[in-house]
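The values are calculated or read from the model by the stated rules, or taken from the named source; none is laboratory data. Because the structure is a prediction, the values reported are computed rather than measured. Reconstructed Cβ throughout: ideal geometry from the backbone, glycine too, with neighbour counts over all protein chains shown. Each accessible area value is taken on the protein alone, full model and side chains, heavy atoms only, with ligands, DNA and RNA left out. Shrake-Rupley method; radii C 1.70, N 1.55, O 1.52, S 1.80 Å.
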Amino acid sequence: MAAHFALLIDPAASDDARDDFAATFTVLDPSAPALSISELSTQRGDGVFESIGVVHAHPQEVGAHLERLAHSALLCDLPAPHLEQWRQAVARAAAACGAGESVIKLILSRGVEHGPAPTAWVTAAVAADNSVARAHGVRVVTLDRGIDAGAADRAPWLLLGAKTLSYAVNMAALREAHRRGADDAVFVSSDGVVLEAPTASVVLRLGDRFVTPAVASGILHGTTQISLFEHLAVQGHRTAYETVPVRTLQQADAAWLLSSVRLAAPITAVDGVALPVDRELTASVNDYLLSPRD
C-alpha cells in the first residue's frame, strides 16, 4: 500500500490568522526520502496518527478523525493541531485519490530530537482489497492485553486512549493471532473484559441491542463505530456502551470488527468456537459505511 501522494505540513504556521493554509503545505515525492534521521516518530514512535477511509475521492468522517487526532495530541502533550489546516490538507490529499477505495494517513510527530517544532505530514494511497473480510468474515483469538480494565484511569501515562505511532504491540498481536490459525485478535483485560482489536473496534449484537466496550476502559473510541451507532439509532435499534465480559463475546448473536478502511468484518469464530454471522445485516452495514459520510 505505497503512498501515491505526500504532503508536508508546517504546524508552526498554524498559529497565523488565515483562511487559506495552502502556503503551509509542501507537496513531496512519496517515493523520495523526507524525514531526518533524528525524527522521533521513527526513533521512538513518539507521535500520533489517523487513517481516514476514502471512497471515490470522498474522505469519510473527517471531522471525527480530526477531533480524535487533537485528543491524541492532548494526551501525548503534543501541540494542538490546527483543525482547519489539517482539514485543508486532507482535502488536498483526497483530490489526489481516484475511483475506488483509498486511505489518507495523518501523522503528527514530536519532530526531531531537540527540535523547535513537531513534524506533520499527510499521505494518500490506494486501500487494500478488504472485500473478502467483509463478505466472509474473520476468525479471532482473544489475547491478554496485560492490563486490567481500570488501568486507563489509574495510569493515564500509558496513553491507552491515544492513537499513537507506537504500534509494535498491536502488530505483535496480529502475528500471534496468525500463529494460532486466526485472522485477527481481540484484546481482553487481565480481569476478563473485552477491549478492542489491534486495529479495530468490537461491536456485538445481543438480541435486539448493539453493544460496544465502554471507552472508560482505555480503548480508542472508533470513528466508524460512532458512525454506525448513529446509523443504527436512526433505524430504531438500541445501542449501548457497556463492560463486556469475554464470555459475552463468545456467546454473542453476531459480532464485527469495525475500522475506517476495512469497515465491518463479521467475526466468524472466537478462540476456535463458531459465532453466528448475519450476512444480510453485514452487507447493509457495509453499504452504509461505503456511502458518503461527513
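What's the number of the condition A252 fails, among (1) in a loop (DSSP other than H, G, I, E, B); (2) open to solvent by 30 Å² or more (accessible area, probe 1.4 Å); (3) touching a residue at least 40 places away in the same chain (Cβ under 8 Å)?
Result: A252 fails condition (2) only.
Looking at T42, T26, which is the one that is free of Cβ contacts under 8 Å to residues at least 24 places away in the same chain and under 24 Å from the mean Cα position of the chain (by Cα)?
Numbers: T26 fails: under 24 Å from the mean Cα position of the chain (by Cα).
Sole residue among the options that is free of Cβ contacts under 8 Å to residues at least 24 places away in the same chain and under 24 Å from the mean Cα position of the chain (by Cα): T42.
Can you find a residue that is of a type in the set (D, E), more than 30 Å from D278 (Cβ to Cβ) and either surrounded by 21 or more Cβ atoms within 10 Å (Cβ to Cβ) or modelled with pLDDT under 95 (or both) anywhere in region 180-188?
Filtering region 180-188 for residues of a type in the set (D, E) gives 183-184.
With the extra rule that they be more than 30 Å from D278 (Cβ to Cβ), the set shrinks to none.
Within region 180-188 (the criterion being of a type in the set (D, E), more than 30 Å from D278 (Cβ to Cβ) and either surrounded by 21 or more Cβ atoms within 10 Å (Cβ to Cβ) or modelled with pLDDT under 95 (or both)), the answer is no, since none of the residues qualifies.
Considering region 138-148 alone, what residues qualify as being surrounded by 15 or more Cβ atoms within 10 Å (Cβ to Cβ) and either in a strand (DSSP E or B) or at pLDDT below 90 (or both)? Write out each step before concluding.
Keep residues of region 138-148 that are surrounded by 15 or more Cβ atoms within 10 Å (Cβ to Cβ), which gives 138-143, 145, 147-148.
Scanning region 138-148 gives V138, R139, V140, V141, T142, L143.
Could you grab me the full set of residues in region 158-192 that are in a loop (DSSP other than H, G, I, E, B) and farther than 22 Å from I107 by Cβ?
Keep residues of region 158-192 that are in a loop (DSSP other than H, G, I, E, B), which gives 159-163, 165-167, 180-183, 189-192.
Within region 158-192, R180, G181, A182, D183, S189, S190, D191, G192 meet the criteria.
Would you confirm whether or not region 137-154 contains a residue that is under 24 Å from A94 (Cα atoms), among the basic types (K, R) and touching a residue at least 60 places away in the same chain (Cβ under 8 Å)? Break it down stepwise before answering.
Step one: filter region 137-154 for residues under 24 Å from A94 (Cα atoms), giving none.
For region 137-154, residues under 24 Å from A94 (Cα atoms), among the basic types (K, R) and touching a residue at least 60 places away in the same chain (Cβ under 8 Å): absent.
Can you find a residue in region 105-116 that is assigned to a loop (DSSP other than H, G, I, E, B), touching a Ser or Thr at 6+ places or on another chain (Cβ under 6 Å), closer than 29 Å to H231 by Cα and charged (D, E, K, R)? Talk me through it step by step, then tell me what you get.
At the first step, the residues of region 105-116 found to be assigned to a loop (DSSP other than H, G, I, E, B) are 110-111, 113-116.
Then keep just the ones that are touching a Ser or Thr at 6+ places or on another chain (Cβ under 6 Å); that gives 111, 113.
Going one step further and asking which of them are closer than 29 Å to H231 by Cα, we end up with none.
Scanning region 105-116, I find no residue that is assigned to a loop (DSSP other than H, G, I, E, B), touching a Ser or Thr at 6+ places or on another chain (Cβ under 6 Å), closer than 29 Å to H231 by Cα and charged (D, E, K, R), so the answer is no.
Could you tell me whether region 200-218 includes any residue that is of a type outside the set (G, A, S), touching a His at 6+ places or on another chain (Cβ under 9 Å) and exposed (fewer than 13 other Cβ atoms within 10 Å of the Cβ)?
Yes; the residues of region 200-218 include at least one that is of a type outside the set (G, A, S), touching a His at 6+ places or on another chain (Cβ under 9 Å) and exposed (fewer than 13 other Cβ atoms within 10 Å of the Cβ).
In region 37-57, how many are touching a helix residue (DSSP H, G or I) at 6+ places or on another chain (Cβ under 7 Å) and over 14 Å from T164 (Cα atoms)?
Looking only at that region, the number is 3.
When you go through (1) at pLDDT 95 or above; (2) part of a loop (DSSP other than H, G, I, E, B); (3) closer than 17 Å to E61 by Cβ one by one for D294, which number turns out not to apply?
In the conditions (1) at pLDDT 95 or above; (2) part of a loop (DSSP other than H, G, I, E, B); (3) closer than 17 Å to E61 by Cβ, D294 misses (1) alone.
Output the number of the condition that A120 fails; it satisfies all remaining conditions of (1) in a strand (DSSP E or B); (2) surrounded by fewer than 16 Cβ atoms within 10 Å (Cβ to Cβ).
Every condition holds for A120 apart from (2).
If L228 satisfies every condition in (1) open to solvent by 20 Å² or more (accessible area, probe 1.4 Å); (2) farther than 30 Å from E39 by Cα but one, which is the exception?
(1)
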